[in-house]
Structures are given as C-alpha cells and as structure tokens.
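Each remark here refers to the structure printed beneath this line.
The values are calculated or read from the model by the stated rules, or taken from the named source; none is laboratory data. The model shown is predicted, which means the values in this text are computed figures rather than measured ones. Don't worry about glycine lacking a Cβ; one is built from the backbone with ideal geometry, like all the others, and counts go over all protein chains shown. The protein model used for the area step is the full one, side chains on, heavy atoms only, and it has no ligands, DNA or RNA in it. Shrake-Rupley method; radii C 1.70, N 1.55, O 1.52, S 1.80 Å.
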Amino acid sequence: MGNVSLLFGGVALFLNSLTLFGKVDLRSAGVFSLITGLLQTFIATYLIIGAAGDPALTFGYASIYLFAFTYVYVGITFLFNLDGSGVGWFSLFVAIAALFYAFVSFTTNDIIGGVTWLFWALLWSLFFLGMGMNRPIDAITARVALVLSWLTLIVPALIGLRFGYFSSAYQWLWSGAAILTTVYFLYTMMKFSMLRTIRSS
C-alpha cells in the first residue's frame with residue numbers, strides 16, 4: 001500500500017508542478033490533491049494500525065502523513081482560493097522533518113532513501129520560500145517539483161508495485177539520475193538567479 005501512496009502522491013505533485021507552469025487550472029489540480037491527501041491519510045492510518053506499535057515501522061509509515069496533509073492543505077487552498085502562506089509555513093515544518101528522516105536513513109545505510117529525503121526537503125523548502133515568504137521562485141519550484149514527481153515518487157512506485165524490490169541495476173540507474181538531477185537543479189537555480197540580477201540592474 002505504501003507504493004500506491006507514493007504513486008498517487010507523484011501524480012499529484014506532477015499536476016501541481018504544471019499549475020506553476022500555467023498548464024493546469026488550480027482548482028482542477030486542487031481536486032486531485034485533496035483526493036490524494038485523503039487516500040494517503042487512510043493508507044498511513046491503516047499501515048500504522050497494522051504495525052502494532054513497532055517503533056521502526058510506525059516511524060516509517062508516519063512519514064506518509066507529511067505528504068498526505070500537504071496535499072489536503074494544498075487541495076483546500078486551491079479549491080477555495082485561500083492565501084497560501086499557511087501551506088508555506090507548514091512546508092517549513094515538513095522540510096525540517098524530512099531532514100530528520102534523511103538523517104535516519106543515512107545512519108541505517110539507506111543511501112537512496114537519505115538522498116530522496118534530501119530532495120524532498122529541498123522541495124518543501126522551496127514551497128516555504130515561495131508561499132510562506134513570497135519569494136519569486138515559482139519557475140525554480142515548478143522544475144524541481146516536476147523532476148522529483150517522477151524521480152522520487154512515480155518511477156520508484158511503479159517499480160515497487162511491479163517487482164516488489166529494487167535490483168542493483170535500478171539502484172545504479174537511480175543514483176546516476178540523482179546526480180544528473182542535482183546538477184540540473186544547481187544549473188536552474190544559478191540561471192534564474194542570474195536572470196533576476198540582470199533584470200534588477
């Protein structure tokens with residue numbers, strides 16, 4: 001069920017990234033975000049109950065709520081045309097939590113998991129800066145969200161659903177894609193930072 005949560009979370013993030021590109025209507029994306037958030041809330045609760053108090057399992061499954069409540073909050077904000085500052089500041093909390101999950105992943109030798117959580121921490125930090133601090137970074141956030149929706153959510157979920165495990169070949173391919181993604185993000189941030197400098201001069 002965790003992979004189902006990841007899959008639909010990835011699709012919701014993909015649609016939300018397209019709203020920043022002006023390709024999808026906010027209310028339309030809001031409907032899917034709300035449905036996804038409610039689905040993820042149900043999945044997380046079901047899995048935690050099934051964990052029967054196991055600390056490691058509960059800790060892992062609880063992370064689904066970070067996505068679920070983000071999507072519920074975003075969905076309601078989009079649907080009712082609310083001010084996004086609340087989502088922005090909530091995203092700061094989630095970014096901090098993501099850093100903690102990354103730390104735990106690295107300490108348990110889950111390198112891919114740790115890098116994935118760092119990517120998510122970056123994304124939620126951008127949501128905080130854009131929606132909470134009103135920084136003009138939608139162009140950067142859109143690109144980061146679009147790439148991460150496929151790299152960290154949709155593709156891993158599909159592989160996990162189909163095969164139930166991640167082969168060494170997949171891990172090497174994912175690691176290469178993660179390196180290219182990091183380079184692309186750095187390039188994107190430098191590019192738009194330079195454009196703003198030129199426009200302000």
Open item on the list: Whether any residue in segment 12-25 is over 18 Å from LEU126 (Cα atoms) and in a helix (DSSP H, G or I) is what I want to check.
Closed with: no
Open item on the list: For segment 131-173, give me the residue count where each residue is of a type in the set (Ser, Thr, Tyr), open to solvent by 60 Å² or more (accessible area, probe 1.4 Å) and part of a helix (DSSP H, G or I).
Closed with: 1
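For the subset of segment 60-81 comprising residues that are open to solvent by 70 Å² or more (accessible area, probe 1.4 Å) and not in a loop (DSSP other than H, G, I, E, B), which member is nearest to SER28 (Cα to Cα)? Spell out how you get there, then give the answer.
Filtering segment 60-81 down to residues open to solvent by 70 Å² or more (accessible area, probe 1.4 Å) leaves 69, 73, 80-81.
Still in the running and not in a loop (DSSP other than H, G, I, E, B): 69, 73.
Numbers: PHE69: 18, TYR73: 15 Å.
So the residue we want is TYR73.
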Task: The lone exception for LEU153 - which of (1) farther than 18 Å from LEU173 by Cβ; (2) touching a residue at least 60 places away in the same chain (Cβ under 8 Å); (3) within 11 Å of the chain's Cα centre (by Cα) it fails - done: (1)
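What are the residues in segment 20-52 that are of a type in the set (Phe, Trp, Tyr) and surrounded by 15 or more Cβ atoms within 10 Å (Cβ to Cβ), if any?
In the first step, residues of segment 20-52 are kept if they are of a type in the set (Phe, Trp, Tyr); the result is 21, 32, 42, 46.
Once the filter is applied, which keeps residues that are of a type in the set (Phe, Trp, Tyr) and surrounded by 15 or more Cβ atoms within 10 Å (Cβ to Cβ), segment 20-52 yields only PHE32.
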Task: Meets criteria (in a helix (DSSP H, G or I) and either in contact with a strand residue (DSSP E or B) (Cβ under 7 Å, 6 or more places away or on another chain) or free of Cβ contacts under 8 Å to residues at least 60 places away in the same chain (or both)) for GLY53 - done: no
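Here are some residues: SER85, SER17, SER91, SER5. Which one is among the polar types (S, T, N, Q) and either surrounded by fewer than 17 Cβ atoms within 10 Å (Cβ to Cβ) or touching a Pro at 6+ places or on another chain (Cβ under 6 Å) (or both)? Before you say what the answer is, go through the steps one by one.
Details: SER17 fails: either surrounded by fewer than 17 Cβ atoms within 10 Å (Cβ to Cβ) or touching a Pro at 6+ places or on another chain (Cβ under 6 Å) (or both); SER91 fails: either surrounded by fewer than 17 Cβ atoms within 10 Å (Cβ to Cβ) or touching a Pro at 6+ places or on another chain (Cβ under 6 Å) (or both); SER5 fails: either surrounded by fewer than 17 Cβ atoms within 10 Å (Cβ to Cβ) or touching a Pro at 6+ places or on another chain (Cβ under 6 Å) (or both).
Exactly one of SER85, SER17, SER91, SER5 is among the polar types (S, T, N, Q) and either surrounded by fewer than 17 Cβ atoms within 10 Å (Cβ to Cβ) or touching a Pro at 6+ places or on another chain (Cβ under 6 Å) (or both), namely SER85.
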